[in-house]
1. What number of residues within segment 169-217 are among the aliphatic types (A, V, I, L, M) and touching a Lys or Arg at 6+ places or on another chain (Cβ under 8 Å)?
2. Ile105: touching a Ser or Thr at 6+ places or on another chain (Cβ under 7 Å) and free of Cβ contacts under 8 Å to residues at least 60 places away in the same chain, yes or no?
3. Which of the residues spanning segment 122-147 are surrounded by fewer than 24 Cβ atoms within 10 Å (Cβ to Cβ) and in a strand (DSSP E or B)?
4. So the check is Cβ under 9 Å with 6+ separation or different chains; which pairs have a first residue in segment 39-66 that's touching a residue at least 60 places away in the same chain (Cβ under 8 Å) and a second one that's of a type in the set (Asp, Glu) and in a helix (DSSP H, G or I)?
Amino acid sequence: MRCAAELSGMTITTLATAPAAAASPAKLYDATRLWSPADAGVELSVVVPFYNPGASLRPTVERLVRCLTEANVAFEVIAVSDGSTDGSERSIDGIAGVRVVDSRINQGKGAALHLGFAAARGSWVGFVDADGDIDPEHLVDYLLLARAGGHAGVYADKRHAASVSASSPFRKLVSTFYSTLVTLLFVLGMSDTQTGCKVLRRDVLADLLPRLRERRFAFDLEFFVAAKAAGIRDFAAAPVRLEERVAGSTVTSKAILRTIRDTFVIFARLHLGARYSPVAAARPAQFAAPTWTGAQVAEAA
């Protein structure tokens with residue numbers, strides 16, 4: 001059941017779930033509406049998934065809104081609580097252009113992104129982590145690059161020659177190991193799938209989301225694996241600046257091991273199972289796939 005409540009001018013949409021359903025995750029959210037045209041007044045939808053981020057959420061969202069406003073980008077921000085219990089959603093009360101969606105159940109970053117994407121109204125859809133280590137201003141740069149090149153998407157690449165990282169040595173080691181594993185298994189032609197800042201074209205999301213199953217950190221990898229299987233390869237890597245995290249990381253040792261396990265599950269799906277083939281219901285007959293150019297997107301905004 002979906003309900004909305006007004007909290008001092010901020011709309012919070014809650015996905016209420018019956019108690020019996022809490023033991024098993026809900027189905028991933030229907031993104032069919034992404035095949036409908038984008039709203040003329042929204043060029044970029046930005047999804048900010050969060051789980052108990054504490055005090056880091058408001059500065060991140062404020063910075064995001066300020067950067068997009070100063071760049072004259074017509075935007076909306078969809079902040080998705082992945083079952084947070086720290087009341088952090090109240091910290092962004094009163095920020096213009098922001099709506100909060102509360103899923104009530106903690107399912108993982110991937111599930112939170114699915115939920116936010118399904119509600120997006122923009123021609124381009126981006127996302128950024130809420131924990132403060134990535135400057136949201138990168139989304140402006142990525143949107144400009146995506147516009148100019150008409151790319152399927154632009155993604156943060158921490159191994160780009162112009163990238164800078166203040167991550168801990170342990171995180172850098174884990175990242176290097178994981179990117180090497182991904183390269184050996186999938187040969188995607190990209191050195192970084194996981195950094196949490198990307199801008200994607202609306203129709204690309206509409207096409208690929210119904211094929212995806214991952215709810216947690218392996219979402220990003222599965223997205224690019226499905227894109228390659230679908231013949232969608234026009235993704236541009238862009239530099240990123242990674243700062244020290246403001247909030248505690250949700251990437252625990254347990255999460256790392258689970259992501260590695262999920263990576264092999266994706267490999268099995270690709271070669272032994274569904275092969276990420278097109279989903280029959282992904283594209284409703286009444287909608288043709290959009291083919292936006294940078295100029296058309298700018299005009300729509």
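1. Total satisfying the criteria: 2.
2. no
3. Once the filter is applied, which keeps residues that are surrounded by fewer than 24 Cβ atoms within 10 Å (Cβ to Cβ) and in a strand (DSSP E or B), segment 122-147 yields only Ile134.
4. Once the first residue is touching a residue at least 60 places away in the same chain (Cβ under 8 Å) and sits in segment 39-66, its partners that are of a type in the set (Asp, Glu) and in a helix (DSSP H, G or I) give Phe50/Glu89; Leu57/Glu89; Arg63/Glu137; Leu64/Glu137.
Results for (1) on the phi < 0 side of the Ramachandran plot; (2) surrounded by fewer than 19 Cβ atoms within 10 Å (Cβ to Cβ), shown as yes or no for each residue.
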residue: Glu43; (1), (2): yes, no
residue: Gly97; (1), (2): no, yes
residue: Gly108; (1), (2): no, no
residue: Ala111; (1), (2): yes, no
residue: Leu115; (1), (2): yes, no
residue: Ala120; (1), (2): yes, no
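Condition check ((1) open to solvent by 50 Å² or more (accessible area, probe 1.4 Å); (2) more than 23 Å from Asp131 (Cβ to Cβ); (3) modelled with pLDDT under 95; (4) not in a loop (DSSP other than H, G, I, E, B)) across all residues:
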| residue | (1), (2), (3), (4) |
| --- | --- |
| Thr13 | no, no, yes, yes |
| Ala21 | no, yes, yes, yes |
| Val47 | no, no, no, yes |
| Ser56 | no, no, yes, yes |
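The values are calculated or read from the model by the stated rules, or taken from the named source; none is laboratory data. Every value quoted in this text rests on a predicted model; they were computed, and no experiment measured them. Note: ideal-geometry Cβ built from the backbone for every residue, glycine included; neighbour counts use all protein chains shown. The protein model used for the area step is the full one, side chains on, heavy atoms only, and it has no ligands, DNA or RNA in it. Shrake-Rupley method; radii C 1.70, N 1.55, O 1.52, S 1.80 Å.
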